[in-house]
Structures are given as structure tokens and as C-alpha cells.
1. Of all residues in segment A:1-19 being surrounded by 14 or more Cβ atoms within 10 Å (Cβ to Cβ) and at pLDDT 95 or above, which is nearest to the chain's Cα centre (by Cα)?
2. Going residue by residue through segment A:99-106, is there one that turns out to be within 10 Å of chain B (Cβ to nearest Cβ), outside any loop (DSSP other than H, G, I, E, B) and under 15 Å from B:S124 (Cα atoms)?
3. Suppose we filter A:R26, A:R54, A:R35 for residues that are more than 8 Å from DNA strand C (Cβ to nearest atom) and not in a helix (DSSP H, G or I); which single one remains?
4. Identify all residues within segment A:120-154 that are more than 29 Å from B:E121 (Cα to Cα) and of a type in the set (V, I, T); write none if there are none.
5. Please go through (1) more than 7 Å from chain B (Cβ to nearest Cβ); (2) open to solvent by less than 70 Å² (accessible area, probe 1.4 Å); (3) more than 16 Å from DNA strand C (Cβ to nearest atom) for A:Q83 and return the number of the only condition it doesn't satisfy.
6. Would you check which residues across segment A:38-51 are more than 10 Å from DNA strand C (Cβ to nearest atom) and basic (K, R) and list them?
7. Can you pull out the residues in segment A:20-73 that are of a type in the set (D, E) and either open to solvent by less than 50 Å² (accessible area, probe 1.4 Å) or more than 21 Å from B:E125 (Cα to Cα) (or both)?
8. Based on this model, can you work out whether A:L144 counts as open to solvent by less than 30 Å² (accessible area, probe 1.4 Å), at pLDDT 85 or above and more than 26 Å from the chain's Cα centre (by Cα)?
Number of protein chains: 2
Amino acid sequence: MSQSTEAYLQIGEVAERTGVTQRTLRFYEEKGLLRQPSRMDGGFRLYSEDDVTRVAHIRRLQNLLGLTLAEIKEMVEAEEMLQEIKAQYRPEADVSEKRRQLQEAIGVVTRQHGIVSQKAEQMSEMKEQMEERLRTFERWMTELEQMERKAPVA
Amino acid sequence: MSQSTEAYLQIGEVAERTGVTQRTLRFYEEKGLLRQPSRMDGGFRLYSEDDVTRVAHIRRLQNLLGLTLAEIKEMVEAEEMLQEIKAQYRPEADVSEKRRQLQEAIGVVTRQHGIVSQKAEQMSEMKEQMEERLRTFERWMTELEQMERKAPVA
DNA sequence: CATAACCTTGACGTAGAAGTAAAGTCTCGG
DNA sequence: CCGAGACTTTACTTCTACGTCAAGGTTATG
């Protein structure tokens, strides 16, 4: 239903849309962060919309959380598993196996959530410190201005 | 009033207290992230408590915000200026000059605050996404458990 | 004053994350 | 069917943020 017919993208387009270079896309593939994309007969890579989303996700994990690609790989593999679970959710499969997978998925996301929560909190702390500072400076500023009014420029 | 007499630290102690290596301390100095510390007659570096604080700050900027040392250097230089302003606050100096400095300081901190705010916000978004996900999984899990109760292991 | 523990500079090495160049292959519009 | 532009792999280079010696100088202590 989603990518039924086509909508395949070549590496150049993906690069443009994600803001990373082609080199980076190939690099991520090499490192196992992106699945091997399908190929045209001549060997040109063909990416899906999902891949685009994935790249965006990788970048967020990099920039926001400062994770290494190795760490991100783990996360991404976990996500992969989730996709699988989603896909398998309907089809008949060993129920207890699915339970196990789900259990693991929950574990992964919980850990991720822990990291994010912690960072978010520290971030808020920093933010408040800065606001405190700003208030101080602005207080000083008004004091300075009052001094100037009392004793104007010589 | 704070570090009146002494309380100077050698590089080894600073390393231990900050959790970075001596190499890293020298490296930060080289890169202009730490001021040139005073030295003993023989050339041994002597750090102040302030330097310790500074290193901690640098590390937070690195780990939390994921900034490069170059970016951190800018921030740190700005902080340096703030220290200066604080120090000069009482002594007689051109008032309008002080105004200018304060103005700039406010600008710096405002920019920093902007970065942190933005990151903090994105972080919260991520956090919520993860929570949403977790809820989904847990819903699935209970569904699965119900299926198991109805049709137990063959 | 010997010597262990600590420090100095200098130079080279490394892991992570790509950038860049070379030489050849594909695709597609005209 | 052909040429411009997009793509391929391979290989070497770069940049950041340190790590790791090496060879020697300094300091504190017995």
C-alpha cells in the first residue's frame, strides 16, 4: 500500500534530500547502518522513501545524542527488528517467539529512552543556568544605565 | 577571597579530579581551551580551582551538546570575557565601555541559550516519540498475552 | 645526594567519520 | 546509437581528539 509501484530514488536524489553526501550514504551502507539498497541492472543503487527516513533518523541520533555510528548501528538494528515484528505481526508465527521479540524490542527502546531522558534533563539544567546568567547580566545592565544617568559622559 | 593564598594543583591532580588525562589537559591548552597555567620554577604546570571547573564545563559542552573543540573554544572565550567583566565590574573603568562589553556578553549567552533550547526541544520530541512507541509495544504485548491465554502452547 | 615519583616537550600513531580523486560503467534524451 | 551526466568501485587523504612512547628535567623525601 505504501510503496506499491515504485518511487525509487537514486543516490544523488537521496543525498540531496537528506543533506548528506553520496559518499556518506555509501559509507553508512558499508558500516551496516543502511540496508543494501536494491540496484538497477547496471548496478545503480535504488533507495526507498524508508531509506530517506532512516538517514534522517541516523543524523538525529548523531547530532542530538552524539552517538557514534557503532552505537547508532545497534539502535538501527533494533529498529529493524521492530519493523520485522510489525511485518510479522499478522502472519502466523510462533506466538511465544513473537513475545520474545517484543520483549527485546521493549528493552531496546526503554534503554534508548533512558539515555534521551537523562540528556534532556541535563540539558534543561544547562538551559536554566543560562537563563539565570542572563537575568544577572540584565540586572547589571540596568544598574549601569542608572549610573550613566546620574553621571553622564564627561 | 576565593584563591587568596594558594591551593594550586599539578597536572596529575587535575587529571584525576576531572577524569581526563594529562595529555588531554595539555591538548586543551594547546588548542586555547584552557589558559596557559602558571608554572613552578622548574616548569611544572600549576592549575587553579577555576581551571578544574573549566574542564568540567568543556566536557559538558562536548558530551551534552556534542560541540567540537573549536566551537567550545568560542564559547569558552566568551566566558573568559564574562569573567573579565565580573572582575572589572567594581574598578573604575569607562562606563560606556563596560556597557559595550556587557552587551556583548549578553549576546553570547543568548546565542548559547538558543542552541541549548533548540536541542532541548528536539530532545523532548524524541523522548515523546519513544514513549509513544513504548505504549504501542506494550499494547501489543498485552494483546499477545491474551492470545496466549485463549490458545495456549500447543 | 640519590632516587622514586612526577613532570616536560616532541614526535608519531590511531579510531572515527568522512572527503577527494581516478578510472571506468550506466542511463537516458535527442 | 551516442554523448553528457549520473553512477560504480578502489584507493588514498584529511580532520578531530586524543593515545602512546621516548628521552630527559624537576621535586620531594630519606
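1. Result: A:T18.
2. no
3. Values: A:R26 fails: not in a helix (DSSP H, G or I); A:R54 fails: not in a helix (DSSP H, G or I).
From the options A:R26, A:R54, A:R35, the qualifying one is A:R35.
4. A:T142, A:V153
5. Answer for A:Q83: the failing condition is (2).
6. Step one: of segment A:38-51, the residues more than 10 Å from DNA strand C (Cβ to nearest atom) are A:38, A:45, A:47-51.
Result: A:R45, single match.
7. Applying the first criterion (of a type in the set (D, E)) to segment A:20-73 yields A:29-30, A:41, A:49-51, A:71.
Passing the criteria: A:E29, A:E30, A:D41, A:E49, A:D51.
8. Numbers: open to solvent by less than 30 Å² (accessible area, probe 1.4 Å): yes; at pLDDT 85 or above: no; more than 26 Å from the chain's Cα centre (by Cα): yes.
So A:L144 does not fit the description; no.
The values are calculated or read from the model by the stated rules, or taken from the named source; none is laboratory data. The model shown is predicted, which means the values in this text are computed figures rather than measured ones. FYI the Cβ positions are ideal-geometry reconstructions off the backbone, even for glycines, and counts take in every protein chain you see. Surface accessibility is based on the protein's heavy atoms, side chains included, excluding ligands, DNA and RNA. Shrake-Rupley method; radii C 1.70, N 1.55, O 1.52, S 1.80 Å.
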